[in-house]
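Here, each number is a calculation from the coordinates, and none is a lab measurement. In this text, all values refer to a predicted model and were calculated from it rather than measured experimentally. With ideal geometry, Cβ positions are generated from the backbone for all residues, glycine too; neighbour counts draw on all protein chains shown.
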Amino acid sequence: MKHEVFHGSADAMPLKNWSVDTIITDPPYGMKWMSSIPRFGGSKKMSILGDDAVPIDWLPEAERVLKPTGAVYIFCQWRYWPIMATAVEDRTSLKVRNMIVLAKAAHGMGDCKRQYAPLHELVLYASHKPHLLRRPHGRPKDILPVSFVHSKYRQHPNQKNEDWVTVFIENSTDPGSLVLDPFCGSGAFLRAATAMGRRAIGIELDERFVGIARREKL
Ligand SMILES: C[S@@+](CC[C@H](N)C(=O)[O-])C[C@H]1O[C@@H](n2cnc3c(N)ncnc32)[C@H](O)[C@@H]1O
């Protein structure tokens, strides 16, 4: 199955009301992060568009396009979790139902001398009341072990692994369902969805990543 990628902003989604089954997305964390990976900017360091504040203006748009039976999964850094969780419940009628912890096989960097080594990613799971988990392998847990990919294989400085969202796709969609990633970056979640027989649409503001996201394989 093919995916489609729009060059534009998540704040104005080119989609009809109630057309999306599930949103799985990884917005900028609002931390003015800069990549130290030489390939992504070298000494100039590459920054991510929209990373100066936690993005929440897209949430009403997400609710507009999401079916009343839908669910939303939002990657969210621990420091900004309260802002995102509050915004989801204040700006939409979705209810936050879980903090899901992805436990990575190897840790990232952080401050080696002042911080515990960061081994996890947090995902905020919110849904409308009619949304029921499919549970193809029994009740999914809120801590999920996931793989780690070395930065040399990444095409985007914040690239996530496709297998990180498999559990979300199998529990919140059916074959043929439409998955939306409005901050799609390299398109990892779109590829994960189409590999599982779902339809997928991405939106990406930064022209540098639109072409990468449009590719079916990296
Ligand atoms: C954390 S990255 C996503 C990485 C992606 N999950 C991947 O695996 O490659 C966030 C992306 O959102 C994009 N972005 C920032 N503001 C946006 C907006 N208002 N609408 C759409 N995309 C935006 C950035 O350019 C960046 O590529």
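Ranked by the mean number of other Cβ atoms within 10 Å of their residues, highest first, the peptides 57-64, 7-14, 162-169 come out as 162-169, 57-64, 7-14. Counted over the range 4-214, the DSSP beta bridges are approximately 40% antiparallel. Max-minus-min Cα coordinates of the chain on each principal axis give 48, 34, 32 Å, with the largest extent listed first. Extension gain for the segment S47 to R79, taken as residue separation times 0.36 nm less the Cα-Cα distance, is 9.6 nm to one decimal. Size check on the range 117-218: the Cα extents along the three principal axes, sorted descending, read 38, 36, 21 Å.
Sorting D181, D51 by the number of Cβ atoms found within 10 Å of their own Cβ, with the fewest placed first, yields D51, D181. For W81, the shell of other residues with beta-carbons less than 15 Å away shows a net charge of -3, using +1 for Lys and Arg and -1 for Asp and Glu. Taking the charge dipole of the chain about its Cα centre, with +1 at Lys and Arg Cβ atoms and -1 at Asp and Glu Cβ atoms, the residue from I201, W58, L133 reaching farthest to the positive side is L133. When each of M99, M109 is scored by the number of other beta-carbon atoms lying within 10 Å, the sequence from fewest to most is M109, M99.
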